[in-house]
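The values are calculated or read from the model by the stated rules, or taken from the named source; none is laboratory data. Model, not experiment: these values are computed from the prediction. Here the Cβ is made from the backbone with ideal geometry for all residues, glycine too, and neighbour counts use every protein chain on show.
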Amino acid sequence: MEQDVSAGMGVGNRQEASAGISGKEIERAAQILQEVINSDRPSEVVFAHLQEIHDLLPAFIELNARHALEEGCPHIGGALRGILQEVGYRPLEGTPSAPRDSQTMPAAEDEERLSDLRVGLLPDPHSGFMSRQTLAAEAIRRVGCTLEVIADPSGVGPTDFDLVLAHNPHADQACMRMLAEFSAANVPILVDLDRDFQSMPLSDESYETYGLGTLERARAFTAVTLLADAFTVPGETMMDVLRPAKKSIHRIPEMWDSSYRPWQKPVPDHSTLNLGWIPGIGGLEDLASIRRILIRVAREYPQVQIVIVGDVKAYGLFAHLPASRRLFLPWVKEDDYAYLLAQIDVLLVPLRKVPFNHSLSDRRLLEAGIRSIPWIASPTPAHRAWGRGGLFARTQEDWYRAFKRLITDPLIRVSMADKGREKAQTRELRNMSGLWRELLLQYTKCNVASKVEWQPDRNSLQVEWQTA
């Protein structure tokens with residue numbers, strides 16, 4: 001079982017040596033670093049991997065650069081990236097960047113260009129609480145751009161915007177029609193995709209909305225990959241998924257807004273120790289993978305109560321337990337979600353080792369950090385990159401040991417809750433808006449130089465979409 005780690009470093013991707021660092025090298029460097037952190041004898045681990053560490057030195061520098069940028073230390077991150085550039089490695093596409101020096105573009109000119117940028121948001125009508133599109137819209141407004149949510153496509157024209165942002169657009173026909181119109185008018189299109197829809201299983205609760213099981217949605221998703229000038233994604237795995245599209249890919253991690261008042265609601269009093277599961281990040285089959293261990297723990301520790309949110313079938317997995325040892329919390333209106341989450345004392349995020357789960361973001365661990373809740377989770381790439389505030393579990397025995405440790409040691413729960421909260425603060429909107437600022441500035445510079453350089457050859461695409 002993995003212990004609570006002390007650094008939240010993203011596992012990245014790299015291209016050829018002349019352009020960057022490969023994904024396998026970054027991932028391997030992160031694995032070695034994890035081994036060192038979790039070892040009782042870190043010096044022995046370092047010695048055992050000495051040659052490999054030497055060979056992966058650029059990958060280790062890139063990991064530390066990303067960590068510095070995500071933790072709000074852009075000058076350190078920029079200096080580390082500078083070292084990579086000096087030895088011939090280009091900063092990785094789509095990763096957080098350090099502030100540009102004074103010789104590139106004066107700050108006043110940056111602000112003027114951002115204030116002149118008109119951004120249209122094509123919303124995903126199926127997105128819910130604290131969605132990426134809602135937080136992206138707020139971040140874009142905070143950096144000074146004009147943003148309009150295109151609620152009624154008939155009321156706007158393609159020339160009304162300098163840039164269009166769409167979130168999971170393949171799920172909405174009206175959104176796809178608007179994307180085709182913006183594309184025909186050479187308006188740059190930025191598409192945010194938060195999951196690997198190509199590997200989404202039939203059992204996923206949102207498959208009927210987002211899955212590619214119908215010809216219509218499969219065609220729409222293919223069109224998205226062609227229409228988009230660039231993608232934003234929450235993590236490194238999604239960058240790898242979209243790389244075959246040969247478009248710019250930018251990593252914008254999950255974030256939150258501390259000014260959203262429901263996050264400030266007090267934690268409700270309860271006498272039980274609530275082990276809780278929430279659907280959305282993982283499904284019924286993922287929870288079923290730890291059902292036996294959960295029932296065992298509930299029977300061994302009388303203070304434990306299993307809490308299931310929103311999924312009646314998931315609640316039914318524990319029907320054999322006494323009613324006093326299980327609790328079902330129905331989905332509520334969005335403003336009450338933070339209060340509902342706070343009724344959980346240990347958040348459970350089991351995810352089976354399948355490609356779709358591999359692509360999921362760290363959103364659930366972020367939410368746990370916001371509410372100071374320790375967690376037990378499967379070690380997916382996004383979870384390992386988050387790395388603070390809980391325990392990782394791969395096997396059934398790992399889960400049991402993790403449960404036992406957190407149930408019997410309240411001080412560890414408090415310590416991990418504090419670490420998770422500390423990590424969550426680095427993802428607060430005011431600390432993350434700079435990523436959107438840098439990305440949008442790239443568009444303003446390209447628009448000034450030549451808007452055409454952002455555009456693919458779309459003539460044949462437009463005909464295909466109209467006849468599909």
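Can you name the residue in the range 393-413 that is loosely packed, with under 14 Cβ neighbours inside 10 Å and either closer than 27 Å to VAL233 by Cα or among the hydrophobic types (A, V, I, L, M, F, W, C) (or both) and, of all such residues, is nearest to the chain's Cα centre (by Cα)?
Once the filter is applied, the top-ranked residue is ARG394.
Scan (1) touching a helix residue (DSSP H, G or I) at 6+ places or on another chain (Cβ under 9 Å); (2) at pLDDT 80 or above for the single condition SER115 breaks and write down its number.
It is condition (1) that SER115 fails.
Against the definition (buried (at least 17 other Cβ atoms within 10 Å of the Cβ), under 22 Å from PRO379 (Cα atoms) and in contact (Cβ under 8 Å) with a residue 60 or more places away in the chain), how does ASP240 come out, yes or no?
yes
Given the options PRO330, PRO279, name the one that is free of Cβ contacts under 8 Å to residues at least 40 places away in the same chain and closer than 22 Å to TYR207 by Cα.
PRO330
Looking only at residues that are hydrophobic (A, V, I, L, M, F, W, C) and either at pLDDT 90 or above or in contact with a Lys or Arg (Cβ under 9 Å, 6 or more places away or on another chain) (or both) in the range 414-438, which one is surrounded by the fewest Cβ atoms within 10 Å (Cβ to Cβ)?
Top of the filtered list is VAL414.
Filter the range 204-231 down to the residues that are polar (S, T, N, Q) and either modelled with pLDDT of 95 or more or out of contact with any His (no Cβ under 6 Å at 6 or more places or on another chain) (or both) and list them by number.
Residues satisfying the conditions are SER206, THR214, THR222, THR225.
Under 8 Å between Cβ atoms, at least 6 apart or on separate chains: pull out the pairs that start in the range 357-368 with a residue that is more than 13 Å from THR426 (Cα to Cα) and not assigned by TED's automatic domain parsing to the domain that holds GLY420 and end on any residue that is modelled with pLDDT under 95 and acidic (Asp, Glu).
none
Just the residues that are touching a Phe, Trp or Tyr at 6+ places or on another chain (Cβ under 9 Å), in a loop (DSSP other than H, G, I, E, B) and over 20 Å from ILE407 (Cβ atoms), please, taken from the range 357-388.
Correct list: ASP362, PRO379.
Mind listing just one residue for me: the one in the range 291-309 that is in contact with a strand residue (DSSP E or B) (Cβ under 7 Å, 6 or more places away or on another chain) and not in a helix (DSSP H, G or I) and, of those, farthest from TYR400 (Cα to Cα)?
Checked the range 291-309; the qualifying residue farthest from TYR400 (Cα to Cα) is VAL309.
Please pick out the residue among SER18, SER22 that is more than 28 Å from ARG421 (Cα to Cα), modelled with pLDDT of 70 or more and outside the structural domain of ASP418 (by TED's automatic domain parsing).
From the options SER18, SER22, the qualifying one is SER22.
Cβ-Cβ distance below 7 Å, separation of 6 or more or different chains: which pairs start in the range 338-353 with a residue that is in the same structural domain as ARG325 (by TED's automatic domain parsing) and closer than 18 Å to THR380 by Cα and end on one that is surrounded by 20 or more Cβ atoms within 10 Å (Cβ to Cβ) and among the β-branched types (Val, Ile, Thr)?
LEU347/ILE373; LEU348/ILE376; VAL349/ILE281; PRO350/ILE290; LEU351/THR380
Could you tell me which of the residues ASP160, ASP152 is surrounded by 15 or more Cβ atoms within 10 Å (Cβ to Cβ) and out of contact with any Pro (no Cβ under 8 Å at 6 or more places or on another chain)?
Sole residue among the options that is surrounded by 15 or more Cβ atoms within 10 Å (Cβ to Cβ) and out of contact with any Pro (no Cβ under 8 Å at 6 or more places or on another chain): ASP160.
Assess whether ALA223 counts as being buried (at least 16 other Cβ atoms within 10 Å of the Cβ) and over 26 Å from ALA382 (Cβ atoms).
Taking the combined requirement at face value, the residue satisfies it.
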